[in-house]
1. Which of the residues spanning the stretch 137-148 are more than 12 Å from the chain's Cα centre (by Cα) and not small (Gly, Ala, Ser)?
2. Take the conditions over 15 Å from ALA15 (Cβ atoms), within 13 Å of the chain's Cα centre (by Cα) and in a strand (DSSP E or B) and apply them to ARG151. Does it pass?
3. Given the criteria out of contact with any His (no Cβ under 6 Å at 6 or more places or on another chain) and not in a loop (DSSP other than H, G, I, E, B), does ALA15 qualify?
4. Determine which member of the set PRO99, PRO32 is buried (at least 18 other Cβ atoms within 10 Å of the Cβ), at pLDDT below 90, out of contact with any helix residue (DSSP H, G or I) (no Cβ under 9 Å at 6 or more places or on another chain) and not aromatic (Phe, Trp, Tyr).
5. Please state which of the following conditions TYR54 fails to meet, knowing it meets all the rest: (1) at pLDDT below 90; (2) over 17 Å from THR108 (Cβ atoms).
6. Could you list, in sequence order, all residues of the stretch 1-17 that are in contact with a Phe, Trp or Tyr (Cβ under 6 Å, 6 or more places away or on another chain) and either among the aliphatic types (A, V, I, L, M) or surrounded by fewer than 18 Cβ atoms within 10 Å (Cβ to Cβ) (or both)?
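The values are calculated or read from the model by the stated rules, or taken from the named source; none is laboratory data. Only a predicted model underlies this, so the values are computations on that prediction, with no experimental measurement involved. Counting neighbours? That spans all protein chains shown, and the Cβs are built from the backbone with ideal geometry, glycine included.
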Amino acid sequence: MEAAASQFAADLRLAHARATNQLTDWRVVFMPDGSPVGGCASSDYCMIKLRVPYGAGDEAPTLDPETPRAPRELPDGTKIKEVTFDPDCSAGDAEAVIPPSSCGGTRTLEFSSNGTVRTLRPGQSGTVRISSDDGSPHCDVVFNSATSRIRLGSIAY
């Protein structure tokens, strides 16, 4: 369990380092219930580089065509069990009020070139729970949107 949570936290830190060093956004995409991520070799989670930082004039973020998606697998018997943040279901409408349960889908942590992390809902921090297949034990990976700080919680049974 500890190895799985440490691996996930290390990949979040790697996405942050790449974003600030390469001056473009990197995303870590995963499903909130541990199911495989489609479009990324059905992996547990995926690291994706954007062509330019989101908000740099593009209508929608585009992937860097020279950097393939990087599928990641957690150790056997572990998975992402749940998250404490919602997806952005607004489709770009800042005034939209849409219940998160109505749009489902992946969750995304976007590491920006300015050193911040966001959940596609600006300013939202949260937790990703890494768990054994049966839910016990588990370990929370906590992120802070303003500072991009990634912290491992204690293992709970």
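1. Hits for the stretch 137-148 are PRO137, HIS138, CYS139, ASP140, ASN144, THR147.
2. In short, no.
3. yes
4. Numbers: PRO99 fails: buried (at least 18 other Cβ atoms within 10 Å of the Cβ).
None of the others qualify; the one that does is PRO32.
5. All conditions pass for TYR54, except number (2).
6. Initially, the stretch 1-17 is screened for residues in contact with a Phe, Trp or Tyr (Cβ under 6 Å, 6 or more places away or on another chain), giving 15-16.
Scanning the stretch 1-17 gives a single hit, ALA15.
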